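Novice: Take this structure first; my questions come after.
The values are calculated or read from the model by the stated rules, or taken from the named source; none is laboratory data. Quick caveat: nothing in here was measured; it's all calculated off a predicted structure. A quick note on method: Cβ atoms are made from the backbone with ideal geometry, for glycine too, and the neighbour counts reach across all protein chains shown.
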Amino acid sequence: MGGNNEMSNLEVAHHVCDSMDKLYPKTQSFSKLIQFVADRSGHDWRYAMNIKKIKQQLHWQPQEIFCQGLERTIQFYMLIPPQDAQPIIRSIITMNIPTVCSPTEP
């Protein structure tokens, strides 16, 4: 389902990084890990879903805003023990980024 939150892939990546920064603070932002690669044929620049039909026919409404749902999803995946996680999640869980020394640091 959609949630009327059309945004570019880069915006989604920044939301993920912002959530990781908030939930798992490090001395540098997770956004520093975003890398740009050569574009490829068929690459999606954004994802958007029209939820008009499901709203009209089933009276469905999103129950959560995007950023809150994203944070809950990140928290779920970060609870997976590294040895049980898929390789991509394992690499995120075990990232070698120094932790924040003081809560007052940006």
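Residues checked against (1) in contact with a Cys (Cβ under 9 Å, 6 or more places away or on another chain); (2) more than 18 Å from VAL16 (Cα to Cα); (3) at pLDDT below 65:
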| site | (1), (2), (3) |
| --- | --- |
| TRP60 | no, yes, no |
| GLN68 | no, no, no |
| GLU71 | no, no, no |
| GLN75 | no, no, no |
| ILE80 | no, no, no |
| ALA85 | no, yes, no |
| THR94 | no, no, yes |
| CYS101 | no, yes, yes |
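Novice: Related question: Take the residues in segment 68-84 that are farther than 13 Å from VAL12 by Cα and of a type in the set (D, E, K, R); name whichever of them is surrounded by the most Cβ atoms within 10 Å (Cβ to Cβ).
Specialist: Selected residue: ARG72.
Novice: List pairs: first residue in segment 20-42 and within 18 Å of ARG72 (Cβ to Cβ), second residue among the acidic types (Asp, Glu) anywhere in the structure, Cβ distance under 7 angstrom, at least six positions apart or on different chains.
Specialist: Once the first residue is within 18 Å of ARG72 (Cβ to Cβ) and sits in segment 20-42, its partners that are among the acidic types (Asp, Glu) give LEU23/GLU71; PHE30/ASP21.
Novice: Against the condition modelled with pLDDT of 80 or more and within 23 Å of MET7 (Cα to Cα), how does ASP21 come out, does it pass?
Specialist: On the way: modelled with pLDDT of 80 or more: yes; within 23 Å of MET7 (Cα to Cα): yes.
It is true that ASP21 is modelled with pLDDT of 80 or more and within 23 Å of MET7 (Cα to Cα).
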